[in-house]
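> Quick one: this structure, given as structure tokens, is what I'll be asking you about.
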Amino acid sequence: MTRKLHRIESSQHMSTTIISIILGISGMLGWGIYDFLGGVFSKQIGSFKSLFWSQLMGFGSILLLTFAFKTQFNVPVLALALSPLASIVYSAGYLFFFKGFEKGNVSIIAATMNLWAVFTMLFAFLFMGQRLSITQTIGVFMILTGATLASLDWGNIRNQKFQLSLGVKEAILGAFFFGVFWNISEIISEQVGWLITTLLVKLGIAIFLLMFSFAVKQEIKLGSISTRTKYVIALMGIIEVSAVALVNYGLTIGDAILITPIASALSIVTIALAVIFLKDKLSRLQLLGIVTAILGIIATAF
């Protein structure tokens, strides 16, 4: 009897592990593909249009999912008050991120954005009382080192002209806002759960970006853009929301220690796609920086 129970427990543990790995990979692929497509279409139609329409499609998708699950809308005052702030900083993060893509090398911008993990941990340490393990601390230093190596224009440095690669300043600002966002999102999620949090944030993003477009007279119409491009942008939004849904669902039934580091290594997908399809060129030091930053992200999960 004891052996039978042991076999059942082992089988359940193995099943949970497999599910965790699959869902972690799903998140990594989803976010990696979204970032890659964001980089491509930021150069083709502009960063704002890519962001606005993909996020609007993401909101529509999560709204349908919320109704499908017949979710109760009991939102506390604190969560309702923090949601607009979360939406604004998230929008700012992606505006700067996509602007970086519009200007610079997709691989380098994707690697530099890894700094969001450092900002998230820094704010959690300073304002939420959370602490890092030794491995996580090492991971943070690896991310900083890797991002530095990946973001500098080493050719000009050798010629004694120090400068950042194009788009890196925007990527660093984007990482800062994402760092702020994840700490606010954690507070909201603890009160209303991941699904309502995502819905509120996506709604706020759509409203903010629409208001922003009117304020700065930013063109958002897709009239002159091909039907194929419109479909791909819509697909971007669905892919991003799907990644969020799968990973959050995985965290409720699987092993977070497996899901989180796998999903957070999304830069691997973005950079691989950029090298394969965009023929991005990287120096050896920049490649070393990208690998170091990715390994640092994985280390921060332990």
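The values are calculated or read from the model by the stated rules, or taken from the named source; none is laboratory data. This one's a predicted model, so the numbers in the text were calculated from it and none came from an experiment. No Cβ is skipped: glycine too gets one built from the backbone with ideal geometry, and neighbour counts run over all protein chains shown. Each accessible area value is taken on the protein alone, full model and side chains, heavy atoms only, with ligands, DNA and RNA left out. Shrake-Rupley method; radii C 1.70, N 1.55, O 1.52, S 1.80 Å.
> Can you tell me which of Ile33, Ile21 is among the β-branched types (Val, Ile, Thr) and either at pLDDT below 80 or surrounded by fewer than 19 Cβ atoms within 10 Å (Cβ to Cβ) (or both)?
Numbers: Ile33 fails: either at pLDDT below 80 or surrounded by fewer than 19 Cβ atoms within 10 Å (Cβ to Cβ) (or both).
After ruling out the rest, the residue left standing is Ile21.
> If only one of Ile184, Ile172, Ile109 is modelled with pLDDT of 80 or more, open to solvent by 50 Å² or more (accessible area, probe 1.4 Å), part of a helix (DSSP H, G or I) and out of contact with any His (no Cβ under 8 Å at 6 or more places or on another chain), which one is it?
The match here is Ile172.
> Identify all residues within region 59-106 that are of a type outside the set (D, E, K, R) and not in a helix (DSSP H, G or I); write none if there are none.
Passing the criteria: Phe69, Thr71, Gln72, Phe73, Asn74, Val75, Pro76, Gly104, Asn105.
> Given (1) of a type outside the set (Phe, Trp, Tyr); (2) within 23 Å of Val168 (Cα to Cα); (3) modelled with pLDDT under 80, identify the lone condition not met by Val89.
(3)
> Are any residues in region 203-219 within 14 Å of Met57 (Cα to Cα) and at pLDDT below 90, and if so, which ones?
none
> Still on this structure, please answer the following. Would it be correct to say that Ile238 is touching a residue at least 60 places away in the same chain (Cβ under 8 Å), surrounded by fewer than 17 Cβ atoms within 10 Å (Cβ to Cβ) and assigned to a helix (DSSP H, G or I)?
No: the conditions fail for Ile238.
> Within region 58-79, take every residue that is in contact (Cβ under 8 Å) with a residue 24 or more places away in the chain and more than 20 Å from Met236 (Cα to Cα) and give me the one that is surrounded by the most Cβ atoms within 10 Å (Cβ to Cβ).
Across region 58-79, the extreme among qualifying residues is Ala79.
> Quick check on region 290-302: of everything there that is aliphatic (A, V, I, L, M) and assigned to a helix (DSSP H, G or I), which residue is surrounded by the most Cβ atoms within 10 Å (Cβ to Cβ)? Don't jump to the end; show me each part of the working.
If we filter region 290-302 for residues that are aliphatic (A, V, I, L, M), which is where we start, we get 290-291, 293-295, 297-299, 301.
Going one step further and asking which of them are assigned to a helix (DSSP H, G or I), we end up with 290-291, 293-295, 297-299.
On the way: Ile290: 26, Val291: 18, Ala293: 30, Ile294: 22, Leu295: 15, Ile297: 26, Ile298: 17, Ala299: 19.
Top of the filtered list is Ala293.
> What residue, of Thr227, Thr197, is surrounded by 20 or more Cβ atoms within 10 Å (Cβ to Cβ) and not basic (Lys, Arg)?
Matching residue, one of Thr227, Thr197: Thr197.
> Hey, another quick one. Out of region 272-289, which residues are assigned to a helix (DSSP H, G or I) and modelled with pLDDT of 80 or more? Steps first, please.
Let us first name the residues in region 272-289 that are assigned to a helix (DSSP H, G or I), namely 272-277, 284-289.
Correct list: Ala272, Leu273, Ala274, Val275, Ile276, Phe277, Arg284, Leu285, Leu287, Leu288, Gly289.
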